[in-house]
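Student: Mind having a look at this structure? Questions to follow.
The values are calculated or read from the model by the stated rules, or taken from the named source; none is laboratory data. For clarity, every value in this text was computed on a predicted model and none was experimentally measured. Cβ sites come from the backbone with ideal geometry, for glycine too, and all protein chains shown count toward neighbours.
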Amino acid sequence: MAANTKALKTGSHGIKMSLGYRITDVIIYTFMGLVGVITLLPFLYIAAGSFATDRELTERAFFIIPRVWSLNAYKYAINNGNILLGLKNSVILTFFGTIVNMFLSTTFAYPLSKKHFRGRNFVLNMVIVTMLFSGGMIPTFMVLRAYGLYDSYAALILIGAISPFNMIIIKNFFQELPLELEEAAYIDGASEIKTFITIVLPLSKPVLASISLFYAVGYWNDYFNAMIYLSSADKYTVQIMLRNIVLKASAITDVMMDYYDSNGAPPDKAVKMATTVIATVPILVVYPFVQKFFTKGVMVGAVKG
């Protein structure tokens, strides 16, 4: 008994852990740390390559810190494409699109979370059908054009105004909220709308932040829909602008070398890396602000049966 007691150590949370458990924790944390490093290395290489010269990208297969720093790729991206305009357009589209998506998703999910809602199962089945089948690209294009929505951000927002999958996640979260809170609000004279705004939404910050992040990333990375439904160059999103920049970079010739600094014109590979960084960093900056809600939302969904 005394030997077993000596073999036990108190963990950081006051739980006694044996030597075997501690070794297992070290192995798990080491493995997860290696996975994290492996996941991070490609992005570090892309970021470093965007500042590298043509010679270094040719000679070195992989590096994290370039020997010679060059801003040629970013100069080319800024001078040969309306990248700032694209960033502004993407920010506007992402902001308003996410607001519309969240408004429609939450207002649709709330009544469906009520078990007494008549026709609830029928509506849910219709929602599930839309996850499996769609009208198709050509009919969608014809409808948007008939309603005068072609070449507008409204077209990009309305075709994906509600994600059935995200809506169902919100609905399931609403169902897990204590019913007693809503009943207490009703007793105090609150209406359904007031209860939804003052009780349900504040308690649903984790799932709302998580789904908002999903919607925002979807709009920011959207390329195909913007290419189809937008025709005006001044409305192009950052993804379209970056595509045009990459296409121009592939046509760089030796005659253009002297236009840049002593390191020469940026290679096609460096421009691709620079555009990847430009497209990734803005939406990546948003994540720390919703991280705690995102993590909590994932954990809440994981522990509920």
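Student: So, in the range 134-167, exactly how many residues are among the hydrophobic types (A, V, I, L, M, F, W, C) and either over 23 Å from Val123 (Cα atoms) or touching a strand residue (DSSP E or B) at 6+ places or on another chain (Cβ under 9 Å) (or both)?
Tutor: Selection size over the range 134-167: 11.
Student: Using the structure shown, decide if Thr195 is of a type outside the set (A, V, I, L, M, F, W, C), surrounded by 12 or more Cβ atoms within 10 Å (Cβ to Cβ) and touching a Leu at 6+ places or on another chain (Cβ under 9 Å).
Tutor: yes
Student: Among all residue pairs at least 6 apart or on different chains, which show Cβ distances below 7 Å where the first residue, located in the range 57-82, is in the same structural domain as Leu40 (by TED's automatic domain parsing) and the second is in a helix (DSSP H, G or I) and among the polar types (S, T, N, Q)?
Tutor: Note: no pairs meet the criteria.
Student: Another question about this same structure. Only one of these conditions is not met by Lys88: (1) outside the structural domain of Val207 (by TED's automatic domain parsing); (2) in a helix (DSSP H, G or I). Which number is it?
Tutor: Exception for Lys88: condition (1).
Student: Can you tell me which residue among Leu284, Leu242, Leu230, Leu213 is hydrophobic (A, V, I, L, M, F, W, C), farther than 26 Å from Tyr74 by Cα and modelled with pLDDT of 75 or more?
Tutor: Leu213
Student: Out of everything in the range 127-150 that is in contact (Cβ under 8 Å) with a residue 12 or more places away in the chain and assigned to a helix (DSSP H, G or I), what residue ends up being surrounded by the most Cβ atoms within 10 Å (Cβ to Cβ)?
Tutor: Restricting to residues being in contact (Cβ under 8 Å) with a residue 12 or more places away in the chain and assigned to a helix (DSSP H, G or I), the top hit is Leu144.
Student: Of all residues in the range 47-84, count the ones that are surrounded by fewer than 16 Cβ atoms within 10 Å (Cβ to Cβ) and not in a loop (DSSP other than H, G, I, E, B).
Tutor: 6
Student: Quick one: count up the residues across the range 37-61 that are out of contact with any Lys or Arg (no Cβ under 6 Å at 6 or more places or on another chain) and closer than 17 Å to Thr276 by Cα.
Tutor: Of the residues in that region, 15 qualify.
Student: Any chance you could count how many residues in the range 92-119 are of a type in the set (A, V, I, L, M, F, W, C) and within 21 Å of Tyr236 (Cα to Cα)? Spell out how you get there, then give the answer.
Tutor: Keep residues of the range 92-119 that are of a type in the set (A, V, I, L, M, F, W, C), which gives 92-93, 95-96, 99-100, 102-104, 108-109, 112, 117.
In the following step, the residues that additionally are within 21 Å of Tyr236 (Cα to Cα) were identified as 92-93, 95-96, 99-100.
Residues that pass the stated criteria total 6.
Student: Okay, next question. Would it be correct to say that Phe96 is under 26 Å from Phe196 (Cβ atoms), assigned by TED's automatic domain parsing to the domain that holds Phe174 and either among the basic types (Lys, Arg) or at pLDDT 90 or above (or both)?
Tutor: Spelling it out, Phe96 is indeed under 26 Å from Phe196 (Cβ atoms), assigned by TED's automatic domain parsing to the domain that holds Phe174 and either among the basic types (Lys, Arg) or at pLDDT 90 or above (or both).
Student: Can you name the condition, by its number, that Tyr153 falls short on among (1) closer than 20 Å to Tyr223 by Cα; (2) free of Cβ contacts under 8 Å to residues at least 60 places away in the same chain?
Tutor: (2)
Student: Given the conditions (1) in a loop (DSSP other than H, G, I, E, B); (2) modelled with pLDDT of 90 or more, report the number of the one that Arg118 does not fulfil.
Tutor: Result: Arg118 fails condition (2) only.
Student: Kindly provide the set of residues from the range 120-173 that are among the β-branched types (Val, Ile, Thr) and more than 30 Å from Lys235 (Cα to Cα), ordered by number.
Tutor: Residues satisfying the conditions are Val123, Val127, Ile128, Val129, Ile168, Ile169, Ile170.
Student: Under the condition of being surrounded by fewer than 21 Cβ atoms within 10 Å (Cβ to Cβ) and more than 12 Å from Asn89 (Cα to Cα), which residue from the range 233-244 is farthest from the chain's Cα centre (by Cα)?
Tutor: So, considering only residues that are surrounded by fewer than 21 Cβ atoms within 10 Å (Cβ to Cβ) and more than 12 Å from Asn89 (Cα to Cα), the one farthest from the chain's Cα centre (by Cα) is Asn244.
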